[in-house]
Amino acid sequence: MISTLPIVLLRNRDAFWTRVQKQDLRWRELLGLAAFVCLACALYGSVLAGWRSPRLSAYVALKLPALFLGTTAIVAVFNWMASILLGAGLSFKSMVFTVFASMAIGGWILLALVPVSLFFLLSGVPGTGTNSELQFAHNSILMTHILVLALAGVGGNIALLQGLRRVARPQCPVSSLFLVWLAAFAFVGCQ
C-alpha cells in the first residue's frame, strides 16, 4: 500500500495534524513518508552533484537521503525526551510523525526546486575556462545548492512549528520545545 501522507501534507495539512492528535496513524504510513523523503532527497541529490560526474551524482543521490534519515533517527529519542520534559504530551509515534511531516514538507520544496537547480547547473557551469573561472563557477553552484537546501529546511521547520502548535498540550512551551528540537537537528546535522 502506498502512503498518501505526503499528498495530504501538501494539500490538507490540517487533516494530517488531526490524525496525529487522534493517534490515528499507523507505523507503515511512516514508511511512506520516509520513502517520499528519500525520493525527494535522491532526486535533488542527483542534481546537486550532476555537474561533476554521473558517478558522483549517483553517490549523492544515495548519500543525501541517508543523511536526512540518519539525522532523524539519531535525534528521535532526544526529541521525544525533550517533549516529555516540556510537557508536550506527544507519544513517541506522534513525535516521529511530526518530525517526518516537516521533512516531507522540505522534500516537497526540494522537488519544486529541482528544475531551478538544474537550470543553474546547466547555465552556470562552463565546460572550459581558466582555473579562477572554473573555481568561481564551482563556488556559485555550491552556494546555490546550500541556499536551496536551507530554503527547504526553513520551510520544513515552519511546518514543524505549526504542527507542534497543533499537537502539543496547551501548557507546553512550544517555542522552547521547537528551539530544543532545532538545536538537536543542527548539532547532529553539523556532525
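Which distance in nm do the two modelled labels at Arg11 and Thr128 give, with both placed 7 Å along the Cα-to-Cβ direction?
5.2 nm
Stretched out fully, how many nm does the piece from Ser176 to Ala66 gain, at 0.36 nm a residue minus the Cα gap?
Numbers: separation 110, 0.36 × 110 = 39.60 nm, distance 2.80 nm.
Difference between extended and current length: 36.8 nm.
With no solvent and one equal point scatterer per Cα, compute the Debye intensity ratio I(q)/I(0) for the range 41-143 at 0.15 Å⁻¹ and report its log10, rounded to two decimals.
Log-scaled intensity ratios, in q order: -0.72.
Once fully extended, how much extra length lies between Ser53 and His138, figured as 0.36 nm per residue of separation less the alpha-carbon to alpha-carbon distance?
On the way: separation 85, 0.36 × 85 = 30.60 nm, distance 1.34 nm.
Extra length available between Ser53 and His138 comes to 29.3 nm.
Can you work out the accessible area per residue across the chain, with the rest of the protein chains kept in place, probe 1.4 Å, in square angstrom?
On a per-residue basis, 54 Å².
How many percent of all Cα-Cα pairs in the range 1-49 sit more than 18 Å apart? Write down the numbers at each step before the final one.
Working: 438 of 1176 pairs.
For the range 1-49, the fraction of Cα-Cα distances above 18 Å is 37 percent.
Using a Gaussian network model on the chain with a 10 Å cutoff between Cα atoms, which of Gln171, Gln162, Gln23 fluctuates the most?
Gln171
Obtain the radius of gyration and the Kirkwood radius of the chain from its C-alpha atoms and give Rg over Rh.
Values: Rg = 18.2 Å, Rh = 17.6 Å.
So for the chain, dividing Rg by the Kirkwood Rh gives 1.04.
If every alpha-carbon in the range 101-166 counts as one equal scatterer, what log10 I(q)/I(0) does Debye give at q = 0.15, 0.29 1/Å?
-0.55, -1.13
Got a sec to turn the phi values of the range 74-79 into Karplus ³J(HN,Hα) couplings, 6.51 cos²θ - 1.76 cosθ + 1.60 with θ = phi - 60°, whole Hz, x for Gly and Pro?
Working through the residues one at a time gives 5, 8, 4, 5, 4, 4 Hz.
Can you give me the relative contact order of the chain as a percent, contacts being Cα pairs under 8 Å and 6 or more apart? Don't jump to the answer; show the numbers that get you there.
On the way: 209 pairs, mean separation 51.3, N = 191.
The normalised contact order for the chain reaches 27 percent.
Would you mind telling me the share, in percent, of accessible area of the chain contributed by carbon and sulfur at probe 1.4 angstrom?
Using a 1.4 Å probe with all protein chains present, the chain comes out at 69 percent carbon and sulfur.
For labels at Arg165 and Leu85 in the simple 7 Å Cα→Cβ model, what's the distance in nm?
2.5 nm
The values are calculated or read from the model by the stated rules, or taken from the named source; none is laboratory data. Computed from a predicted structure; not experimentally measured. Positions of Cβ are generated from backbone atoms using ideal geometry, with glycine treated the same way; all protein chains shown enter the neighbour counts. To get the accessible areas, we keep the full protein, side chains included, count just its heavy atoms, and leave off ligands, DNA and RNA. Shrake-Rupley method; radii C 1.70, N 1.55, O 1.52, S 1.80 Å.
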